[in-house]
Each structure stands twice: as C-alpha cells, then as structure tokens.
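Here is the structure we will look at, set down as structure tokens.
The values are calculated or read from the model by the stated rules, or taken from the named source; none is laboratory data. Please read these numbers as outputs of a predicted model, since none were measured by experiment. Glycine gets a Cβ as well: all are built from the backbone with ideal geometry, and neighbour counts include every protein chain shown. For accessibility, only protein heavy atoms count, side chains too; no ligands or nucleic acids. Shrake-Rupley method; radii C 1.70, N 1.55, O 1.52, S 1.80 Å.
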Amino acid sequence: MIFSSVTTTATATFTSTTNPSLLPHSIYLPSISLPFKSTSKPPLRPFSRLRIRSIDAAQPFDYESQLQSQYIQSTSLKIAIIGFGNFGQFLAKAFVRHNHTLLLYSRTDYSHIARQLNAHFYTDIHDLCEEHPDVVLISTSILSTESVLKSIPFQRLKRSTLFVDVLSVKEFPRNLFFKYLPQEFDILCTHPMFGPESGKESWVGLPFVYDKVRLENDDEERVTRVGRFLDIFAKEGCRMVEMSCAEHDIYAAGSQFVTHTMGRVLERFGVESSPINTKGYETLLDLVENTKEDSFELYYGLFMYNKNSLEQLERLDMAFEAIKKDLFGRLHQVYRKQLFGNSEEEKRTLRTVQKLLPNAAPVEPPKES
C-alpha cells in the first residue's frame, strides 16, 4: 500500500461578536502529514448575506379576490326554499347565478339536483330551520300551503326572518301568513308571472308582481334584505310591478285564470297542427302547450282560492251562449226565408204600416202583376 504525504494548513478567521472593538485575527494550525490519498478541496469562503432579488407575482392570497369574496358574502342571502319541485328548481338556478346560498327542503328527495347547484338539501325541516336562513321562500302548491306552514318550527328561526311566497294567488297566502306567522316575521307576497316554459330563454320584460305586506321599515338591515331579494328579479330583467294582493287577484282572474281555462278547453277540444296553420292557430297551439304543462291542481287552486275566478268563469259561459245565440239566430232567419219566401215578410210589413195609420184602417195587400 502506498501512502502519500499531504500537508494541510487550515486558517480560521473570525471576529468577536461580544466585543466589537477587537480586531479580527487568524490562527495558524501546524502542518500535519496524513497517510491517505491526496484530495483537493475548495478553500473556505466567509458567509455573505442573502439578497432577495424578486418576489413571485402569484401570491397565494390575492387582495382583489379577497375583496370580491368579502363583497359577495356581504351581499349574499341565505335562502331556504320549501317545496323544491319544478318551479322551485326553476327559481333556484337564478338564485345561484347571483351567488346566494341555498337551503332546500321537499317531501321528494331532490338531493341529486341540489348537488348540481352546490346547495344543501334537507330531509328534515327542523334541520333546515336550525341553519337560520335570512329568507324562507314558500314554493309549494296552493292546496298544500296551509299544511306546510303548520309544519314549520318557527321557534328555530330568527325572529327577523323574511317569509316570501310565489303562489299564483295572493290574498290566500297573505291571510295564511297573518294567521300562522309570529308578529316579528316580515312578509313579502310575490308572483313571478312566468314559469319554466315561458321563462326558459330569458326573464327580460316578464312581469314580477310583489307586495311588501309587513316590513319593519325602521330596521335598515331588514329593508336592505328585501331590496336584495327583489334585485334578483330586477337584475334578470323582469318588469317589477308593486301591487296590493287584492288588486293582483282581480287582474289575475281576468288574465291568468281565463288563459288557463281557454287552454284547457282547447286541449279537451283536441286542437292539432295542420299543414296550413295560420299565425292565429299557431298561437292557440302554443297556448295549449303552455297550459297543459301545469297540473290540474294549479288550475283548481286558481279557481278555488281566488274569489274573482267564479265571476270570470260565468262571464265566459255567458259570452259563449251569446255567440251561439247570434249564430243560431242568423241561421234561423235563413231557414225562414227558404221555407216561406217573402210572403211572411210582406205580412209583417203590412201589419207595421197598419199600426202607423191614424184611423187604423185596413190596408189592401198589393196586387200581384
């Protein structure tokens, strides 16, 4: 084994940190002969301070995104939808577009649809109320509204909760709210006068009727909350119409109920498309398509819980009978002329002239040539 003699000289330089007045000095170690192969090592360098040249622009917490998130949270409402059927799902999609938090409850399990909307679905209404929603929206059928209100545990909600309905009649739910809701709750009665079919493309220009039935105007937070809820429909382009519940039912009976009635009559009649459809006939077909999508339960609710609907139904019946009378009356005249000719008309004319004569003398009938 061959060993080479290596001479190593180490120099250490340091500065006293305890006494800054001392000058730096060096210590020289004696040369040592080591019995191993020679290896070259770089000389030791004194430590230098680290300098930060740049900072990555992509920070993990962007200030602007934080501000945007805080703004969304400050303007977001926690909306509970009770009755997550066809119409409730239709409204929920709009609420999600405006960054509101949704709490959903329905007798039928729609949890798979709730997951698509990134919303929470509850099978127990008590659990939903424990989340203290800002707004409770009733989107049930007209016939089941009262039983649903009775089942809500109001004691689990905040005393400042806003209750909203979207039923097609207004005086009926308003009276139920007065009957069952605690006095501390705010009440907003609304009616989006469109549905999943008529509003599937856009809500621009479609009427949205509302009535601020009970609102604590002295509480700025409550007033702002109602404004945020109405802004959902205003920002979607709806034509906002503030109207009392009584006025709404009068107008709705003359428009919505009559529309549903004519659509169902034509459906029973059996209108069908043909190769020579006119524009008017196409309108009738569209009317049938729009009305038959709604359940008969809704139509019955429009009749049963709007006191003005019966009057409209009677007016429709009278109008139909009047038209029939006009048609058959004209037809009767045609038949008389065909059966009796002009003799009957001449006799009627003579009788009229005789009544006009002062001495009531009989008038000789005209001689035939």
Quick one: if you take sqrt(5λ) for each eigenvalue of the C-alpha gyration tensor of segment 256-306, what semi-axes come out, biggest first, whole angstrom?
-> 24, 9, 8
May I ask you to derive the relative contact order of segment 82-152, considering only C-alpha pairs under 8 Å and at least 6 residues apart, and to give it as an integer percent?
-> 35 percent
If packing is taken as the mean number of other Cβ atoms within 10 Å per residue, what is the order of 298-304, 208-214, 181-187, highest first?
-> 208-214, 298-304, 181-187
Note down the Stokes-Einstein diffusion coefficient of segment 74-158 in µm²/s, whole number, using a Kirkwood radius over alpha carbon pairs, 37 °C, and 0.692 mPa s.
-> 255 µm²/s
Can you send over the carbon and sulfur percentage of the accessible area for segment 256-306, probe radius 1.4 Å, protein chains only?
-> 57 percent
How would you order 86-94, 165-173 from highest to lowest mean count of nearby Cβ atoms within 10 Å?
-> 165-173, 86-94
What does the accessible area of His332 come to, in Å² to the nearest 10, when a probe of 1.4 Å is used?
-> 110 Å²
Over segment 283-325, what number does the Rg to Rh ratio reach, with both radii from the alpha-carbon atoms and Rh per Kirkwood?
-> 1.07
Taking amide H positions as placed in the peptide plane 1.01 Å from N, state which residues far from Trp203 in sequence (5 or more) or on other chains have amide H under 5 Å from it.
-> none
Where the accessible area of segment 75-243 is counted over protein heavy atoms with a 1.4 Å probe, how much of it, in %, is carbon and sulfur?
-> 43 percent
HN-Hα J couplings of segment 326-337 from phi, Karplus 6.51/-1.76/1.60, θ = phi - 60°, integer Hz, Gly and Pro as x?
-> 4, 5, 5, x, 5, 5, 5, 5, 4, 4, 4, 5
Running Debye on segment 64-213 with equal point scatterers at the Cα sites and no solvent, what base-10 log of I(q)/I(0) appears at q = 0.14 Å⁻¹?
-> -0.69
Considering Cα pairs under 8 angstrom that are at least six residues apart, work out the relative contact order of segment 256-306 and quote it in whole percent.
-> 52 percent
Net charge near Leu287, counting Lys/Arg +1 and Asp/Glu -1 over other residues with Cβ under 15 Å of its Cβ?
-> -4
Semi-axes a, b, c in Å (a largest) for segment 202-295, each sqrt of 5 times a Cα gyration tensor eigenvalue, come to 38, 16, 10
When Lys and Arg each count +1 and Asp and Glu each count -1, what net charge do the other residues less than 14 Å away from Lys158, Cβ to Cβ, add up to?
-> -3
Can you work out the accessible area per residue across segment 227-315, with the rest of the protein chains kept in place, probe 1.4 Å, in square angstrom?
-> 61 Å²
Order the peptides 305-311, 150-156, 237-243 from the highest to the lowest mean number of other Cβ atoms within 10 Å of their residues.
-> 305-311, 237-243, 150-156
Provide Rg and Dmax in Å for segment 137-241, with only Cα atoms included in the calculation.
-> 14.2, 40
